[in-house]
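Everything on this sheet refers to the single structure shown next.
The values are calculated or read from the model by the stated rules, or taken from the named source; none is laboratory data. Because the structure is a prediction, the values reported are computed rather than measured. FYI the Cβ positions are ideal-geometry reconstructions off the backbone, even for glycines, and counts take in every protein chain you see.
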Ligand code: SF4
């Protein structure tokens, strides 16, 4: 499967790519499929399985599914509308299926199967409609992480650009990517750019402009999210009573004219993840839970490296393209889903992406980029997913801050070397996959183990 940089970095809403963005996308896809039959729809049934059922309430899955069935999509829906419309649905106990037909359905009527895992992935949704002529129509969707959604019938994905369209420089492994660079004379971001231009119907100047503008738009959404998080005071929703810390830290940094790079990494990452926890506008990177790391490292680089700030647009594009090249490896060879491999697949992958991308914009060779990405994942191996109360708050928010600092350190270590190292990125990714497969399900986004059971919710 070809994976677009715009599927990896997709604009959506918080708090979770697999539990909010993916389910909304699945609901919208199902509603679209039945658009011509909408007037004859009499009832809609929703079943959630595995991790979606176990932590769906805290992750906003139920409302996301219902709004998806009304025809809303995560990339365009207004985050404020989600809350407002969700409350209306609960009050009326009805949804407007595909935006056209009123049918009885609210979050209480969603049937939960937390202990049932369907064969393809733990995040599964079954939709079934009853039609006026007595017929029914049913479909099963899997939200496989990072907002990617697959249908049970076939390999089809409902993401905008992912598909089987050919690209000039296809790669499945880091070693394959490293071979392509000297063979083509291209850097990692240049290879990715040519692939993306092909996905946009190129090669042509128009396709290249479209890709570059799209990448700059992604950064503008990431940056806006950081800046909103710097200013939005208050307590996060969900009942844990977690106070937003980014605004206070930001104020102290501004007042003290703070030049400490580590503080800025921390505050930018926490700002994004606090926005995510509030259901705000977020870019998956590669997921929502880990969405603070890639933006905070780029924010840091542009703030503290004047030589990079001077080439801002080029640096942003190279950074995001390199991060996406690394994410492709995790998506193809392992997983970016916390429900499948634990947090190592989310925060670990994001740390690896940011490390490799930072090394790239600081002038690394392809071998040093691979080295930085490998260090970024190696020291996140085994990281479990155990969010308290099923909310993407603790440990997620601080964990993004910690991993951002780790990513910068990984890039620095790699840049001090010549790219040769003992553990390859491919070996580390395979280790992550195996470790995830061995991890007990209570540590994979079910909130049945770890901090989720050892820390009281109130
Ligand atoms: S612990 Fe990690 S994988 Fe789990 S919800 Fe939080 S950020 Fe996502």
>> Six or more apart or on different chains, Cβ atoms under 9 Å: show the pairs whose first residue is in the range 356-374 and buried (at least 24 other Cβ atoms within 10 Å of the Cβ) and whose second is modelled with pLDDT under 95 and not in a helix (DSSP H, G or I).
In response: 361/305
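For the structure I just gave you, tell me whether residue 417 is away from the ligand (no atom under 16 Å from the Cβ) and either more than 23 Å from residue 270 (Cα to Cα) or buried (at least 19 other Cβ atoms within 10 Å of the Cβ) (or both).
Details: away from the ligand (no atom under 16 Å from the Cβ): yes; either more than 23 Å from residue 270 (Cα to Cα) or buried (at least 19 other Cβ atoms within 10 Å of the Cβ) (or both): yes.
Criteria met by residue 417.
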> Here is a list of conditions, (1) touching a strand residue (DSSP E or B) at 6+ places or on another chain (Cβ under 9 Å); (2) surrounded by 24 or more Cβ atoms within 10 Å (Cβ to Cβ), and residue 285 meets all of them except one; can you say which number that is?
Replying inline: (1)
> Failed condition for residue 457, given (1) in contact with a helix residue (DSSP H, G or I) (Cβ under 9 Å, 6 or more places away or on another chain); (2) more than 13 Å from the ligand (Cβ to nearest atom); (3) modelled with pLDDT of 95 or more, with all others met?
Replying inline: (3)
> Do we have any residue at all in the range 431-453 that's in a loop (DSSP other than H, G, I, E, B) and free of Cβ contacts under 8 Å to residues at least 12 places away in the same chain?
Replying inline: yes
>> Considering only residues that are under 14 Å from the mean Cα position of the chain (by Cα) and more than 14 Å from the ligand (Cβ to nearest atom), which ones fall in the range 276-303?
In response: 279, 280, 281, 283, 295
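Only residues that are assigned to a helix (DSSP H, G or I) and buried (at least 17 other Cβ atoms within 10 Å of the Cβ): list them for the range 224-243, please.
Of the residues in the range 224-243, the ones assigned to a helix (DSSP H, G or I) are 224-231.
Passing the criteria: 225, 226, 228, 229, 230.
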> touching a helix residue (DSSP H, G or I) at 6+ places or on another chain (Cβ under 9 Å), closer than 23 Å to residue 21 by Cβ and not in a helix (DSSP H, G or I), is that true of residue 282?
Replying inline: yes
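Sort through 430, 398 and tell me the only one that's closer than 13 Å to residue 347 by Cα, surrounded by fewer than 19 Cβ atoms within 10 Å (Cβ to Cβ) and out of contact with any strand residue (DSSP E or B) (no Cβ under 6 Å at 6 or more places or on another chain). Walk me through how you get there before you give the answer.
Values: 430 fails: closer than 13 Å to residue 347 by Cα.
It is 398.
In the range 107-119, what count of residues is obtained for those that are part of a loop (DSSP other than H, G, I, E, B) and surrounded by 14 or more Cβ atoms within 10 Å (Cβ to Cβ)?
Taking the range 107-119 and keeping what is part of a loop (DSSP other than H, G, I, E, B), we get 110, 114-119.
Adding the requirement that they be surrounded by 14 or more Cβ atoms within 10 Å (Cβ to Cβ) leaves 110, 114, 117-118.
Summing the residues that are part of a loop (DSSP other than H, G, I, E, B) and surrounded by 14 or more Cβ atoms within 10 Å (Cβ to Cβ) in the range 107-119 gives 4.
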>> With the condition being more than 21 Å from residue 439 (Cα to Cα) and within 16 Å of the ligand (Cβ to nearest atom), I'd like the helices (runs of 4 or more DSSP H) fully within the range 317-404 carrying at least 2 qualifying residues.
In response: 347-361
> Among the helices (runs of 4 or more DSSP H) contained in the range 1-101, which hold 2 or more residues that are away from the ligand (no atom under 16 Å from the Cβ) and either within 25 Å of residue 222 (Cα to Cα) or under 17 Å from the mean Cα position of the chain (by Cα) (or both)?
Replying inline: 5-8, 22-33, 61-69, 79-92
